[in-house]
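Student: Starting off with a structure, shown below.
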Amino acid sequence: MAETDGESVRTESQAGEELYLSELSPEQLRALIRDTSNAVSTLKAETEMFEKFYKRLDPKELTPAAPSEASGSHQDFIQMRSRRRSKSRSTISERLLTLSVDQKCELVQRELEETSEKVQRDSDNTEHILQSYKATIEEAEIRSSEIKKVKYEFERDIGRASVSNKKGEVVNPDKVLRYMEEKMLARDSLVDKLRLKNAALKIQKKKLQMQLKQKEEMGEVLNEVDFQQLKIENAQFLERIDERNQDLLQLKLTTGDTLQVLNSYKKRLQNTMVESVHLAKEISVRNEILQKIELETVQVEQERAKAESLNKKLRKQLSDYRVPDVLQYVQEKMEQEELEKNVRAWERKVEIAELSLRTQRRKWEQIKTASLTPEYEQLYGEQ
């Protein structure tokens, strides 16, 4: 019976709508279509919002409606059916049951609260993710600077030594192993320091949590304004930390440049020391030569003094010398020539005597050798 009444109502409503639409002009139909589409989009938004609200409701709140409410809804449906038969434009938008204004306000208020809570959660999650990314970037920068520092130290201690070996010499592996062991020991000490620092931070965290718990028990919980103030101060401190990190990175780069300059000065100092040793040896050699020259100078001075004394003596003799007469000079010259002739005659005689002496010695040697032969002995034995 109810189905028959429903079908009759739908048939009458469709007939009334067709009669109403047939009486409208094309412009009115277009306006009606536009209004209907706007109403449909509004109803879709309301429906989606109501679905979200319905999904968030507790199943205990979903109680069945009272009979009076059901009869009231039936009466409203009958009144709606009577309205559909009218030719006004408001009959089309009132075909379905809608929520009241208070219910819509409550629904919107609940949706707004949920949206604000979701936005707050998303903001907190975003802030957490952003802080995590900042920490990751800072850690990556620190790791990059450490890698650059380790690379520079390895090239300074090991790499340049291997490059400087121009004659094909092999780098000492013990040096590389010792370098690696030193780095591992330094890394282990750093890990121990960080572990101790982490333990100290955990203890500090527990203390702060205990203090916060005590404040919560005593009713001294921070409000929203204090949290905002703490966030602002935290942002300021983070900016200062970033500035200090940038300054630290700049100082590390400056330290690297300073180490390069220091190495160049060390190299120059080493070259200067080698040159100083060479110059010291050369100075010692020059000092020895200077001592020899001084000794020679003393000897020359002595010889010069002797020569001066001799020169003075000769000059004195020359000053006391008196030239002889011409006749005396001629006579002495003649005597000199006569003496020279006698000397040459005696030298000739000596040469002749030496020649005869050699001849006699030769004969004597022959006689001695002949006296030693057996024939000579037989000859003199028979006699």
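Nothing in this text is a laboratory measurement; each read-out follows from the coordinates by a stated rule. Because the structure is predicted, anything quoted here is derived from the model rather than measured. Counting neighbours? That spans all protein chains shown, and the Cβs are built from the backbone with ideal geometry, glycine included.
Student: Calculate the length of the line joining the C-alpha centroid of region 95-147 to that of region 276-317, in whole Å.
Tutor: First find each Cα centre; the distance between them is then 103 Å.
Student: Determine Rg/Rh for region 239-321; Rg is computed over alpha-carbon atoms and Rh is the Kirkwood hydrodynamic estimate from the same atoms.
Tutor: Rounded to two decimals, Rg/Rh equals 1.76.
Student: For region 203-350, just say rounded, prolate or oblate: build the C-alpha gyration tensor, square-root its eigenvalues into a ≥ b ≥ c, call rounded for a/c under 1.5, and beyond that prolate if a/b exceeds b/c, oblate if not. Don't skip to the end; give the middle numbers.
Tutor: Working: a/c = 8.28, a/b = 6.68, b/c = 1.24.
Note, shape of region 203-350 comes out prolate.
Student: Would you mind putting 228-240, 43-55 in packing order, based on average other-beta-carbon counts within 10 Å, highest first? Let's see the in-between values first.
Tutor: Working: 228-240: 10.6, 43-55: 12.3.
Result, highest mean Cβ count within 10 Å first: 43-55, 228-240.
Student: Here's a follow-up. Which of the lysines could be linked to LYS363 by a straight reach, that is with a Cα gap under 30 Å, when you skip same-chain ones fewer than 8 residues away?
Tutor: The reachable lysines, counting only those whose Cα sits under 30 Å from LYS363, are LYS349.
Student: Sequence gap of 8 or more, or different chains, plus Cα separation below 27 Å: how many lysine pairs satisfy both in region 191-283?
Tutor: Value for region 191-283: 28.
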